[in-house]
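Novice: Okay, here's the structure, questions in a sec.
The values are calculated or read from the model by the stated rules, or taken from the named source; none is laboratory data. Here the structure is a predicted model, which is why all the values come from computation and not from measurement. Glycine gets a Cβ as well: all are built from the backbone with ideal geometry, and neighbour counts include every protein chain shown.
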Amino acid sequence: MKIIIAGDGKVGAILTRQLSLEDYDLTLIDENPRVLESTEEMYDIMAVQGNCATMEVLERAGVHEAQLLIAATSADEINLLCCLTAHGMNKNLHTIARIRNPEYTDQIIKMREIFPLSLVVNPEKQAAAEIERLLKYPGFLKRDTFAKGRVEIVELRVDEGSPLRRRSLADMDSIVGCKVLVCAVLRDGAAVAPDGNYTLLEGDRIFVTASTDTLETLLKNLHIITHKVKRVLICGGGRLSYYLSKRLEKSGIKVLLIEKEYERCVHLSNILPGVTVIHGDASDERLLEGEGLENCDALVALTGLDELNMVISLHGTISKVPQVITKLGRMDNTSLLDRLPIGSTISPKHLCSNSIVRYVRALRNQTGAALTVHTIADGYAEALEFRVNEDTKHVGEPLKNINLKKNVLVVGITHRGEHEIPAGDSYFEKGDTVIIVSSGVVVYQLNDIFEA
(Lines give C-alpha, C1' and ligand atoms only; values in the text may rest on other atoms or scores of the structure.)
Protein backbone atom coordinates (compact mmCIF):
# COMPACT_ATOMS: atom_id res chain seq x y z
CA MET A 1 0.00 0.00 0.00
CA LYS A 2 1.39 3.39 -1.03
CA ILE A 3 1.20 6.11 1.65
CA ILE A 4 2.22 9.77 1.43
CA ILE A 5 3.22 11.51 4.67
CA ALA A 6 3.28 15.30 4.45
CA GLY A 7 5.42 16.79 7.21
CA ASP A 8 8.60 15.40 8.75
CA GLY A 9 8.09 16.80 12.25
CA LYS A 10 7.64 14.74 15.41
CA VAL A 11 4.41 13.02 14.32
CA GLY A 12 5.74 12.47 10.79
CA ALA A 13 8.95 10.97 12.17
CA ILE A 14 7.07 8.57 14.48
CA LEU A 15 4.79 7.48 11.64
CA THR A 16 7.69 7.02 9.23
CA ARG A 17 9.51 4.79 11.72
CA GLN A 18 6.43 2.70 12.53
CA LEU A 19 5.04 2.29 9.02
CA SER A 20 8.43 1.61 7.44
CA LEU A 21 8.86 -1.30 9.86
CA GLU A 22 5.56 -2.66 8.52
CA ASP A 23 6.81 -2.53 4.91
CA TYR A 24 4.46 0.10 3.54
CA ASP A 25 5.52 2.00 0.41
CA LEU A 26 6.22 5.44 1.93
CA THR A 27 6.79 8.84 0.34
CA LEU A 28 7.70 11.71 2.65
CA ILE A 29 7.15 15.38 1.77
CA ASP A 30 8.79 18.28 3.60
CA GLU A 31 10.16 21.71 2.76
CA ASN A 32 13.37 21.20 4.75
CA PRO A 33 15.92 19.31 2.60
CA ARG A 34 18.26 18.56 5.54
CA VAL A 35 15.49 16.92 7.57
CA LEU A 36 14.44 14.85 4.57
CA GLU A 37 18.00 13.76 3.88
CA SER A 38 18.45 12.59 7.46
CA THR A 39 15.20 10.58 7.40
CA GLU A 40 15.98 9.11 3.99
CA GLU A 41 19.29 7.79 5.31
CA MET A 42 17.53 5.93 8.16
CA TYR A 43 14.58 4.42 6.30
CA ASP A 44 13.77 2.90 2.92
CA ILE A 45 11.49 5.71 1.74
CA MET A 46 11.11 8.15 -1.15
CA ALA A 47 11.60 11.84 -0.22
CA VAL A 48 10.11 14.83 -2.03
CA GLN A 49 11.11 18.37 -1.10
CA GLY A 50 8.53 21.14 -1.45
CA ASN A 51 5.15 22.52 -0.40
CA CYS A 52 2.79 19.58 0.14
CA ALA A 53 -0.28 21.72 -0.65
CA THR A 54 0.73 22.25 -4.28
CA MET A 55 -0.31 20.04 -7.18
CA GLU A 56 3.23 19.96 -8.57
CA VAL A 57 4.74 18.52 -5.37
CA LEU A 58 1.88 16.05 -4.88
CA GLU A 59 2.34 14.94 -8.48
CA ARG A 60 6.02 14.24 -7.82
CA ALA A 61 5.07 12.32 -4.69
CA GLY A 62 2.86 9.98 -6.73
CA VAL A 63 -0.54 11.05 -5.44
CA HIS A 64 -2.36 9.28 -8.30
CA GLU A 65 -0.96 5.89 -7.21
CA ALA A 66 -1.36 6.44 -3.46
CA GLN A 67 -4.10 4.93 -1.31
CA LEU A 68 -3.60 7.22 1.70
CA LEU A 69 -2.26 10.69 2.45
CA ILE A 70 -1.41 11.80 5.99
CA ALA A 71 -1.05 15.58 6.40
CA ALA A 72 0.89 16.25 9.61
CA THR A 73 2.67 19.56 9.05
CA SER A 74 2.79 22.15 11.83
CA ALA A 75 0.07 24.29 10.16
CA ASP A 76 -3.60 23.22 10.23
CA GLU A 77 -4.38 25.31 7.16
CA ILE A 78 -1.69 23.62 5.08
CA ASN A 79 -2.89 20.20 6.24
CA LEU A 80 -6.45 21.01 5.15
CA LEU A 81 -5.36 22.43 1.78
CA CYS A 82 -3.05 19.49 1.21
CA CYS A 83 -5.91 17.01 1.74
CA LEU A 84 -8.31 19.04 -0.42
CA THR A 85 -5.81 19.29 -3.28
CA ALA A 86 -4.72 15.65 -3.08
CA HIS A 87 -8.31 14.38 -3.03
CA GLY A 88 -9.13 16.60 -6.00
CA MET A 89 -6.30 14.89 -7.91
CA ASN A 90 -7.24 11.38 -6.75
CA LYS A 91 -10.89 10.86 -5.78
CA ASN A 92 -10.16 7.39 -4.34
CA LEU A 93 -7.54 8.71 -1.93
CA HIS A 94 -8.08 8.38 1.83
CA THR A 95 -6.89 11.47 3.71
CA ILE A 96 -5.93 12.08 7.34
CA ALA A 97 -5.25 15.58 8.69
CA ARG A 98 -3.79 16.73 11.97
CA ILE A 99 -5.93 19.68 13.11
CA ARG A 100 -4.97 21.23 16.45
CA ASN A 101 -6.64 24.66 16.57
CA PRO A 102 -9.82 24.54 18.73
CA GLU A 103 -11.40 27.19 16.48
CA TYR A 104 -11.60 24.69 13.61
CA THR A 105 -13.20 21.82 15.55
CA ASP A 106 -16.90 22.63 15.05
CA GLN A 107 -16.26 23.98 11.57
CA ILE A 108 -14.78 20.72 10.32
CA ILE A 109 -17.65 18.71 11.81
CA LYS A 110 -20.30 20.94 10.19
CA MET A 111 -18.47 20.99 6.83
CA ARG A 112 -17.31 17.37 6.77
CA GLU A 113 -18.95 16.79 3.38
CA ILE A 114 -16.86 19.61 1.90
CA PHE A 115 -13.59 18.62 3.56
CA PRO A 116 -12.73 15.19 2.13
CA LEU A 117 -11.21 13.94 5.38
CA SER A 118 -11.27 10.25 6.27
CA LEU A 119 -9.91 10.97 9.75
CA VAL A 120 -9.06 14.07 11.80
CA VAL A 121 -6.54 13.72 14.63
CA ASN A 122 -5.87 16.22 17.38
CA PRO A 123 -2.88 15.25 19.59
CA GLU A 124 -3.64 17.76 22.34
CA LYS A 125 -7.33 16.83 22.55
CA GLN A 126 -6.46 13.13 22.77
CA ALA A 127 -3.86 13.83 25.46
CA ALA A 128 -6.37 15.89 27.48
CA ALA A 129 -8.80 12.95 27.50
CA GLU A 130 -6.00 10.60 28.58
CA ILE A 131 -4.91 12.91 31.43
CA GLU A 132 -8.49 13.25 32.65
CA ARG A 133 -8.79 9.47 32.81
CA LEU A 134 -5.56 9.25 34.82
CA LEU A 135 -6.85 11.85 37.27
CA LYS A 136 -9.90 9.68 37.97
CA TYR A 137 -7.65 6.82 39.21
CA PRO A 138 -4.58 8.54 40.69
CA GLY A 139 -2.76 5.27 41.45
CA PHE A 140 -2.14 4.37 37.80
CA LEU A 141 0.67 5.67 35.62
CA LYS A 142 -1.28 4.88 32.45
CA ARG A 143 -4.64 3.43 31.44
CA ASP A 144 -5.62 1.91 28.10
CA THR A 145 -9.24 0.89 27.51
CA PHE A 146 -10.71 -2.06 25.58
CA ALA A 147 -14.09 -3.77 25.13
CA LYS A 148 -16.00 -0.47 25.13
CA GLY A 149 -14.58 0.54 28.49
CA ARG A 150 -15.11 -2.80 30.27
CA VAL A 151 -11.45 -3.90 30.22
CA GLU A 152 -8.23 -1.99 30.83
CA ILE A 153 -4.49 -2.47 30.75
CA VAL A 154 -3.10 -0.30 33.54
CA GLU A 155 0.49 0.59 34.36
CA LEU A 156 1.78 0.50 37.95
CA ARG A 157 5.19 1.02 39.54
CA VAL A 158 6.44 -1.39 42.21
CA ASP A 159 7.61 0.96 44.96
CA GLU A 160 9.57 0.24 48.13
CA GLY A 161 6.50 -0.43 50.25
CA SER A 162 4.49 -2.32 47.63
CA PRO A 163 3.06 -5.75 48.61
CA LEU A 164 4.28 -6.95 45.19
CA ARG A 165 7.95 -6.25 45.94
CA ARG A 166 10.00 -9.49 45.88
CA ARG A 167 6.91 -11.56 45.19
CA SER A 168 6.39 -13.88 42.22
CA LEU A 169 3.57 -13.34 39.75
CA ALA A 170 2.08 -16.67 40.83
CA ASP A 171 1.06 -14.90 44.06
CA MET A 172 -0.52 -11.95 42.23
CA ASP A 173 -4.20 -12.90 42.49
CA SER A 174 -3.99 -13.65 46.22
CA ILE A 175 -2.22 -10.33 46.88
CA VAL A 176 -4.54 -8.05 44.89
CA GLY A 177 -7.73 -9.93 45.77
CA CYS A 178 -9.09 -10.03 42.22
CA LYS A 179 -8.43 -11.75 38.91
CA VAL A 180 -5.74 -9.93 36.90
CA LEU A 181 -2.95 -10.77 34.45
CA VAL A 182 0.49 -9.14 34.23
CA CYS A 183 1.15 -9.01 30.49
CA ALA A 184 4.47 -7.10 30.51
CA VAL A 185 7.15 -5.80 32.88
CA LEU A 186 9.59 -2.97 32.24
CA ARG A 187 12.87 -3.28 34.15
CA ASP A 188 15.90 -1.05 33.55
CA GLY A 189 14.47 0.13 30.24
CA ALA A 190 13.91 -3.39 28.86
CA ALA A 191 10.57 -5.15 28.39
CA VAL A 192 9.95 -8.68 29.66
CA ALA A 193 7.05 -11.07 28.96
CA PRO A 194 6.91 -12.72 32.41
CA ASP A 195 5.70 -16.14 33.51
CA GLY A 196 4.33 -17.15 36.90
CA ASN A 197 7.81 -17.63 38.38
CA TYR A 198 8.90 -14.06 37.59
CA THR A 199 9.78 -12.10 40.75
CA LEU A 200 8.97 -8.41 40.87
CA LEU A 201 11.54 -5.93 42.17
CA GLU A 202 11.37 -2.35 43.37
CA GLY A 203 11.29 0.06 40.42
CA ASP A 204 9.61 -2.38 38.03
CA ARG A 205 6.79 -0.98 35.92
CA ILE A 206 4.12 -3.59 35.40
CA PHE A 207 1.25 -3.68 32.89
CA VAL A 208 -1.84 -5.36 34.31
CA THR A 209 -4.95 -6.52 32.44
CA ALA A 210 -8.11 -6.26 34.53
CA SER A 211 -11.83 -5.61 34.17
CA THR A 212 -12.69 -1.97 34.90
CA ASP A 213 -14.91 -2.84 37.87
CA THR A 214 -11.95 -4.43 39.71
CA LEU A 215 -9.62 -1.40 39.50
CA GLU A 216 -10.60 0.03 42.88
CA THR A 217 -10.06 -3.37 44.52
CA LEU A 218 -6.68 -3.63 42.83
CA LEU A 219 -5.52 -0.26 44.16
CA LYS A 220 -6.93 -0.82 47.64
CA ASN A 221 -5.20 -4.17 48.15
CA LEU A 222 -1.91 -2.76 46.86
CA HIS A 223 -2.18 -0.09 49.58
CA ILE A 224 -2.29 2.64 46.96
CA ILE A 225 -4.33 5.46 48.44
CA THR A 226 -6.86 6.86 45.99
CA HIS A 227 -8.57 10.15 46.54
CA LYS A 228 -10.97 12.25 44.54
CA VAL A 229 -9.11 14.98 42.71
CA LYS A 230 -10.57 18.37 43.62
CA ARG A 231 -7.76 20.84 42.90
CA VAL A 232 -5.34 20.64 39.96
CA LEU A 233 -2.41 22.91 39.12
CA ILE A 234 -1.57 23.06 35.39
CA CYS A 235 1.74 24.55 34.27
CA GLY A 236 1.74 25.92 30.73
CA GLY A 237 -1.01 27.59 28.73
CA GLY A 238 -0.91 25.85 25.36
CA ARG A 239 -3.65 24.02 23.48
CA LEU A 240 -3.39 20.91 25.64
CA SER A 241 -3.86 23.00 28.80
CA TYR A 242 -6.93 24.59 27.23
CA TYR A 243 -8.54 21.26 26.31
CA LEU A 244 -7.72 19.75 29.73
CA SER A 245 -9.00 22.78 31.66
CA LYS A 246 -12.30 22.63 29.76
CA ARG A 247 -12.76 18.95 30.63
CA LEU A 248 -11.83 19.38 34.30
CA GLU A 249 -14.03 22.45 34.66
CA LYS A 250 -17.03 20.44 33.43
CA SER A 251 -16.23 17.79 36.06
CA GLY A 252 -16.36 20.39 38.84
CA ILE A 253 -12.61 20.30 39.53
CA LYS A 254 -10.92 23.55 40.58
CA VAL A 255 -8.18 24.41 38.07
CA LEU A 256 -5.24 26.77 38.56
CA LEU A 257 -3.28 27.47 35.37
CA ILE A 258 0.15 29.15 35.26
CA GLU A 259 1.28 30.77 31.99
CA LYS A 260 4.39 32.88 31.35
CA GLU A 261 3.13 35.06 28.46
CA TYR A 262 0.82 37.86 29.60
CA GLU A 263 -1.20 38.07 26.35
CA ARG A 264 -1.86 34.34 26.47
CA CYS A 265 -3.02 34.70 30.10
CA VAL A 266 -5.56 37.35 29.07
CA HIS A 267 -6.81 35.16 26.21
CA LEU A 268 -7.15 32.09 28.45
CA SER A 269 -8.98 34.11 31.10
CA ASN A 270 -11.53 35.14 28.49
CA ILE A 271 -12.16 31.67 27.07
CA LEU A 272 -11.88 29.82 30.42
CA PRO A 273 -13.91 31.97 32.83
CA GLY A 274 -14.09 29.23 35.48
CA VAL A 275 -10.31 28.71 35.60
CA THR A 276 -7.90 30.71 37.77
CA VAL A 277 -5.20 31.88 35.34
CA ILE A 278 -1.93 33.01 36.93
CA HIS A 279 0.69 35.08 35.11
CA GLY A 280 4.11 33.75 36.06
CA ASP A 281 7.00 31.37 35.49
CA ALA A 282 6.07 27.80 36.42
CA SER A 283 9.75 26.98 37.03
CA ASP A 284 9.79 29.45 39.96
CA GLU A 285 9.52 27.34 43.10
CA ARG A 286 8.37 30.31 45.17
CA LEU A 287 5.49 30.92 42.75
CA LEU A 288 4.41 27.27 42.90
CA GLU A 289 4.55 27.25 46.68
CA GLY A 290 2.76 30.61 46.87
CA GLU A 291 -0.10 29.23 44.78
CA GLY A 292 -0.53 26.33 47.19
CA LEU A 293 1.24 23.50 45.37
CA GLU A 294 1.33 21.37 48.52
CA ASN A 295 -2.46 21.63 48.83
CA CYS A 296 -3.10 20.45 45.25
CA ASP A 297 -4.31 16.95 44.49
CA ALA A 298 -2.46 16.88 41.18
CA LEU A 299 0.26 18.75 39.28
CA VAL A 300 0.25 18.58 35.48
CA ALA A 301 3.33 19.92 33.67
CA LEU A 302 2.34 20.91 30.12
CA THR A 303 4.83 23.55 28.99
CA GLY A 304 6.42 23.31 25.54
CA LEU A 305 9.81 22.21 26.93
CA ASP A 306 10.39 18.62 28.08
CA GLU A 307 13.26 19.66 30.36
CA LEU A 308 11.13 22.30 32.10
CA ASN A 309 8.25 19.86 32.51
CA MET A 310 10.56 17.34 34.18
CA VAL A 311 11.96 19.97 36.56
CA ILE A 312 8.44 21.12 37.52
CA SER A 313 7.32 17.52 38.07
CA LEU A 314 10.39 16.72 40.19
CA HIS A 315 9.54 19.70 42.38
CA GLY A 316 5.96 18.44 42.64
CA THR A 317 7.18 14.99 43.73
CA ILE A 318 9.49 16.53 46.35
CA SER A 319 6.55 18.62 47.59
CA LYS A 320 4.58 15.36 47.98
CA VAL A 321 1.82 16.25 45.53
CA PRO A 322 -0.30 13.04 45.41
CA GLN A 323 -0.34 12.84 41.61
CA VAL A 324 2.11 14.22 39.06
CA ILE A 325 1.67 14.05 35.27
CA THR A 326 4.38 15.12 32.82
CA LYS A 327 4.00 15.89 29.12
CA LEU A 328 6.96 14.80 26.98
CA GLY A 329 7.45 15.50 23.29
CA ARG A 330 10.34 13.05 23.04
CA MET A 331 10.43 9.69 24.81
CA ASP A 332 13.61 8.22 23.34
CA ASN A 333 15.63 7.64 26.53
CA THR A 334 13.15 5.57 28.51
CA SER A 335 15.81 4.04 30.77
CA LEU A 336 16.63 7.55 32.07
CA LEU A 337 12.95 8.46 32.48
CA ASP A 338 12.42 5.31 34.55
CA ARG A 339 14.85 6.65 37.14
CA LEU A 340 13.17 10.05 37.44
CA PRO A 341 10.21 10.45 39.85
CA ILE A 342 8.10 12.47 37.43
CA GLY A 343 4.86 10.48 37.77
CA SER A 344 2.85 9.56 34.70
CA THR A 345 4.21 10.60 31.31
CA ILE A 346 2.04 11.64 28.39
CA SER A 347 3.14 12.01 24.77
CA PRO A 348 0.50 13.67 22.55
CA LYS A 349 2.53 12.80 19.44
CA HIS A 350 2.52 9.08 20.24
CA LEU A 351 -1.22 9.09 21.05
CA CYS A 352 -1.90 10.76 17.70
CA SER A 353 0.36 8.33 15.83
CA ASN A 354 -1.37 5.33 17.42
CA SER A 355 -4.73 6.53 16.07
CA ILE A 356 -3.30 6.91 12.58
CA VAL A 357 -1.57 3.50 12.62
CA ARG A 358 -4.86 1.90 13.68
CA TYR A 359 -6.61 3.51 10.68
CA VAL A 360 -3.81 2.43 8.31
CA ARG A 361 -4.07 -1.17 9.44
CA ALA A 362 -7.86 -1.12 9.12
CA LEU A 363 -7.50 0.23 5.60
CA ARG A 364 -5.05 -2.52 4.75
CA ASN A 365 -7.38 -5.17 6.17
CA GLN A 366 -10.93 -4.17 5.31
CA THR A 367 -12.27 -7.09 7.37
CA GLY A 368 -10.84 -8.42 10.59
CA ALA A 369 -8.84 -5.30 11.47
CA ALA A 370 -8.14 -4.41 15.09
CA LEU A 371 -10.93 -2.62 16.95
CA THR A 372 -8.46 -1.04 19.36
CA VAL A 373 -4.69 -0.54 19.26
CA HIS A 374 -2.55 0.77 22.13
CA THR A 375 1.22 0.96 22.43
CA ILE A 376 2.39 -0.12 25.88
CA ALA A 377 5.69 -0.66 27.71
CA ASP A 378 7.30 2.43 26.18
CA GLY A 379 6.71 1.15 22.66
CA TYR A 380 8.16 -2.32 23.21
CA ALA A 381 4.73 -3.96 22.87
CA GLU A 382 1.27 -3.45 21.41
CA ALA A 383 -2.08 -4.33 22.92
CA LEU A 384 -4.77 -4.99 20.32
CA GLU A 385 -8.43 -5.96 20.43
CA PHE A 386 -10.07 -8.08 17.69
CA ARG A 387 -13.55 -9.43 17.09
CA VAL A 388 -13.85 -13.15 16.39
CA ASN A 389 -15.61 -13.71 13.04
CA GLU A 390 -16.46 -16.57 10.71
CA ASP A 391 -12.91 -16.59 9.29
CA THR A 392 -11.15 -16.83 12.67
CA LYS A 393 -9.24 -20.06 13.25
CA HIS A 394 -9.41 -22.24 16.38
CA VAL A 395 -12.89 -21.09 17.42
CA GLY A 396 -14.09 -23.15 20.38
CA GLU A 397 -10.67 -24.72 21.04
CA PRO A 398 -9.06 -24.41 24.51
CA LEU A 399 -6.12 -22.00 24.47
CA LYS A 400 -3.84 -24.71 25.88
CA ASN A 401 -4.26 -26.63 22.60
CA ILE A 402 -3.46 -23.65 20.34
CA ASN A 403 0.08 -22.80 19.22
CA LEU A 404 0.62 -19.05 19.32
CA LYS A 405 3.52 -17.24 17.72
CA LYS A 406 6.44 -16.35 19.95
CA ASN A 407 6.02 -13.09 21.90
CA VAL A 408 2.22 -13.14 21.53
CA LEU A 409 -0.04 -13.45 24.57
CA VAL A 410 -3.85 -13.65 24.81
CA VAL A 411 -4.70 -11.44 27.81
CA GLY A 412 -8.47 -11.11 27.68
CA ILE A 413 -11.66 -12.54 26.19
CA THR A 414 -15.03 -10.76 26.32
CA HIS A 415 -18.08 -12.97 25.74
CA ARG A 416 -21.59 -11.42 25.74
CA GLY A 417 -20.42 -8.47 27.79
CA GLU A 418 -18.58 -10.59 30.39
CA HIS A 419 -14.80 -10.29 30.58
CA GLU A 420 -12.54 -13.24 31.32
CA ILE A 421 -8.85 -13.35 32.20
CA PRO A 422 -7.96 -16.40 30.12
CA ALA A 423 -6.58 -19.67 31.44
CA GLY A 424 -5.61 -22.86 29.61
CA ASP A 425 -9.21 -24.08 29.32
CA SER A 426 -10.52 -20.73 28.07
CA TYR A 427 -11.75 -20.44 24.48
CA PHE A 428 -13.34 -17.86 22.21
CA GLU A 429 -16.45 -17.99 20.05
CA LYS A 430 -17.78 -16.03 17.08
CA GLY A 431 -18.79 -12.55 18.21
CA ASP A 432 -16.37 -12.48 21.17
CA THR A 433 -13.63 -9.89 21.39
CA VAL A 434 -10.08 -11.02 22.13
CA ILE A 435 -7.30 -8.81 23.54
CA ILE A 436 -3.73 -9.76 22.71
CA VAL A 437 -0.33 -8.31 23.55
CA SER A 438 2.49 -8.70 21.02
CA SER A 439 6.15 -7.76 21.15
CA GLY A 440 8.18 -7.64 17.95
CA VAL A 441 5.32 -9.19 15.94
CA VAL A 442 3.08 -7.03 13.75
CA VAL A 443 -0.51 -8.31 14.06
CA TYR A 444 -2.95 -7.08 11.40
CA GLN A 445 -5.78 -9.51 12.13
CA LEU A 446 -6.50 -12.15 14.75
CA ASN A 447 -5.37 -15.07 12.62
CA ASP A 448 -1.86 -13.56 12.53
CA ILE A 449 -1.23 -14.68 16.14
CA PHE A 450 -1.46 -18.41 15.34
CA GLU A 451 1.44 -20.59 14.24
CA ALA A 452 -0.89 -22.68 12.11
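Residue-by-condition table, conditions (1) surrounded by 21 or more Cβ atoms within 10 Å (Cβ to Cβ); (2) under 17 Å from E259 (Cα atoms); (3) over 13 Å from the mean Cα position of the chain (by Cα):
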{"position": "L288", "(1), (2), (3)": "yes, yes, yes"}
{"position": "N295", "(1), (2), (3)": "no, no, yes"}
{"position": "V300", "(1), (2), (3)": "yes, yes, yes"}
{"position": "L340", "(1), (2), (3)": "no, no, yes"}
{"position": "I356", "(1), (2), (3)": "yes, no, no"}
{"position": "L363", "(1), (2), (3)": "no, no, yes"}
{"position": "T367", "(1), (2), (3)": "no, no, yes"}
{"position": "T372", "(1), (2), (3)": "no, no, no"}
{"position": "G379", "(1), (2), (3)": "no, no, no"}
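Novice: Of all residues being crowded, with 17+ Cβ neighbours inside 10 Å and in contact with a helix residue (DSSP H, G or I) (Cβ under 8 Å, 6 or more places away or on another chain) in the range 199-218, which is nearest to L337 (Cα to Cα)? Just the residue, please.
Specialist: The extreme case among them is R205.
Novice: Would you pick out the residues in the range 135-171 that are crowded, with 21+ Cβ neighbours inside 10 Å, within 16 Å of the chain's Cα centre (by Cα) and assigned to a loop (DSSP other than H, G, I, E, B)?
Specialist: F140 - this is the single residue of the range 135-171 that is crowded, with 21+ Cβ neighbours inside 10 Å, within 16 Å of the chain's Cα centre (by Cα) and assigned to a loop (DSSP other than H, G, I, E, B).
Novice: Hey, any hits in the range 182-197 for a residue that's under 22 Å from K136 (Cβ atoms), exposed (fewer than 15 other Cβ atoms within 10 Å of the Cβ) and among the aliphatic types (A, V, I, L, M)?
Specialist: No; the residues of the range 182-197 include none that is under 22 Å from K136 (Cβ atoms), exposed (fewer than 15 other Cβ atoms within 10 Å of the Cβ) and among the aliphatic types (A, V, I, L, M).
Novice: Can you find, within the range 342-386, the residue that is modelled with the highest pLDDT among those that are within 28 Å of E132 (Cα to Cα) and among the basic types (K, R)?
Specialist: Restricting to residues being within 28 Å of E132 (Cα to Cα) and among the basic types (K, R), the top hit is K349.
Novice: Yes or no: N270 within 16 Å of R239 (Cβ to Cβ), crowded, with 16+ Cβ neighbours inside 10 Å and out of contact with any His (no Cβ under 7 Å at 6 or more places or on another chain)?
Specialist: no
Novice: Show the residue pairs meeting these rules: Cβ distance below 6 Å; 6+ apart or different chains; first residue within the range 176-189 and within 17 Å of L337 (Cβ to Cβ); second residue assigned to a strand (DSSP E or B).
Specialist: A184/A191; A184/F207; A184/A381; V185/V192; V185/I206; L186/R205
Novice: Looking at the range 180-189, can you tell me whether even one residue there is outside any strand (DSSP E or B) and farther than 18 Å from Y380 by Cβ?
Specialist: Within the range 180-189, one or more residues are outside any strand (DSSP E or B) and farther than 18 Å from Y380 by Cβ.
Novice: Got at least one residue in the range 266-276 being without any contact (Cβ under 8 Å) to a residue 24 or more places away in the chain, in a strand (DSSP E or B) and outside the structural domain of I99 (by TED's automatic domain parsing)?
Specialist: Yes, the range 266-276 contains at least one residue that is without any contact (Cβ under 8 Å) to a residue 24 or more places away in the chain, in a strand (DSSP E or B) and outside the structural domain of I99 (by TED's automatic domain parsing).
Novice: When only residues in the range 1-19 that are surrounded by fewer than 19 Cβ atoms within 10 Å (Cβ to Cβ) and outside any strand (DSSP E or B) count, which is nearest to the chain's Cα centre (by Cα)?
Specialist: Selected residue: R17.
Novice: On to the next question. From the list R60, R17, R100, which residue is of a type in the set (K, R) and without any contact (Cβ under 8 Å) to a residue 24 or more places away in the chain?
Specialist: Result of the check over R60, R17, R100: R60.
Novice: Taking the range 132-175, which residues are farther than 17 Å from L215 by Cβ and either assigned by TED's automatic domain parsing to the domain that holds G379 or in contact (Cβ under 8 Å) with a residue 40 or more places away in the chain (or both)?
Specialist: Listed by number, the residues that qualify are V158, D159, E160, G161.
Novice: Picking from N389, N403, which residue would you name as being over 18 Å from E429 (Cβ atoms), surrounded by fewer than 22 Cβ atoms within 10 Å (Cβ to Cβ) and more than 22 Å from the chain's Cα centre (by Cα)?
Specialist: It is N403.
Novice: Answer yes or no as to whether A128 is within 25 Å of V255 (Cα to Cα), in contact (Cβ under 8 Å) with a residue 12 or more places away in the chain and hydrophobic (A, V, I, L, M, F, W, C).
Specialist: So A128 fits the description; yes.
Novice: Return only the number of the condition from (1) closer than 24 Å to R239 by Cα; (2) surrounded by fewer than 17 Cβ atoms within 10 Å (Cβ to Cβ); (3) in contact with a His (Cβ under 7 Å, 6 or more places away or on another chain) that M89 does not satisfy.
Specialist: Failing condition for M89: (1).
Residue-wise test of (1) over 26 Å from the mean Cα position of the chain (by Cα); (2) more than 21 Å from L119 (Cβ to Cβ); (3) not small (G, A, S).
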| residue | (1), (2), (3) |
| --- | --- |
| M46 | yes, yes, yes |
| V57 | yes, yes, yes |
| L69 | no, no, yes |
| S74 | no, no, no |
| C83 | no, no, yes |
| H87 | yes, no, yes |
| N90 | yes, no, yes |
| D106 | no, no, yes |
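Matching residues to (1) more than 15 Å from I376 (Cα to Cα); (2) among the hydrophobic types (A, V, I, L, M, F, W, C):
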site	(1), (2)
R133	yes, no
A147	yes, yes
E152	no, no
S162	yes, no
L169	yes, yes
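Novice: Also, quick follow-up: Name, by its number, the condition in (1) in contact (Cβ under 8 Å) with a residue 40 or more places away in the chain; (2) not in a loop (DSSP other than H, G, I, E, B) that does not hold for E37.
Specialist: Evaluating E37 over (1) in contact (Cβ under 8 Å) with a residue 40 or more places away in the chain; (2) not in a loop (DSSP other than H, G, I, E, B) leaves (1) as the failure.
Novice: Do you know which residues across the range 73-87 are outside any loop (DSSP other than H, G, I, E, B) and touching a residue at least 24 places away in the same chain (Cβ under 8 Å)?
Specialist: Within the range 73-87, D76, I78, N79, L80, L81, C82, C83, L84, T85, A86, H87 meet the criteria.
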